[in-house]
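The values are calculated or read from the model by the stated rules, or taken from the named source; none is laboratory data. These numbers were taken from a predicted model, which means no experiment stands behind them. Virtual Cβ from ideal backbone geometry, glycine too; neighbours counted across all protein chains shown.
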Amino acid sequence: MAMNVQSRPGVRLVPIHGKAPRIHDSVFIAPGTTIIGDVTIGADSSIWYNCVLRADVSRIVIGERTNVQDGSVLHCDPPRPGDPDGSPLLIGDDVLIGHMAMVHGCRIEDRGFVGLGAIAMNKAVIGSDAMLAAGGMLTEGKVMGPRELWGGRPARMMRELDEAAVMGMRMGVMHYAQNAKDHAAAIAAMAPAAEDGASQG
């Protein structure tokens, strides 16, 4: 994995404790994003405007084709007495994390969904094809099974998701994969204009 920072204006990558972000070349990272420490991001994923991914005390791993939408905060927790593994944040492939979500030290399995403004806490699990509804708070250690819809504060199981809902989530992932390419092209197109303005200043 490699990343050309010069081609990604407005993105801050911060190494700490000897760990630096490892980001696949195909990942879209929007301006205003800050990524700190032991973060790994897989191919064709996207991190949107003004997100913070802070892996200063444990690790954050994001799979392929996953999107983390605008203003979301991702963090983890370190090992502690009686908890030698700590709470890393482990996110699978084809995951959708909605705007301004707070995702902390949990596990999201492939094709999981976190609604906008939702919170997932340490050691919680969001199963494959499962949805944490907008504004929901999945408290520490709670486990959502595959294809389950949970909502509320604290979140509780509401029902199982039908095929239409699951397909809707997959379409959302596809939309963000294409939208990321569109935004990357739009930002790249702005660069020559910005350079021309600087040279004339």
| Only one residue in 54, 59 is closer than 18 Å to residue 10 by Cβ, among the basic types (Lys, Arg) and at pLDDT 95 or above, so which one is that? | 54
| request: Considering only residues that are of a type in the set (Val, Ile, Thr) and not in a loop (DSSP other than H, G, I, E, B), look in the stretch 15-33 and name the one that is farthest from residue 100 (Cα to Cα). | output: 16
| field | Subset tally (residues that are assigned to a strand (DSSP E or B) and within 14 Å of residue 106 (Cβ to Cβ)) for the stretch 56-82 | value | 10
| Which residue out of 153, 159 is of a type in the set (Lys, Arg), more than 24 Å from the chain's Cα centre (by Cα) and at pLDDT 95 or above? | 159
| Which residues, counting only those in the stretch 92-113, are charged (D, E, K, R) and buried (at least 22 other Cβ atoms within 10 Å of the Cβ)? | 94, 111
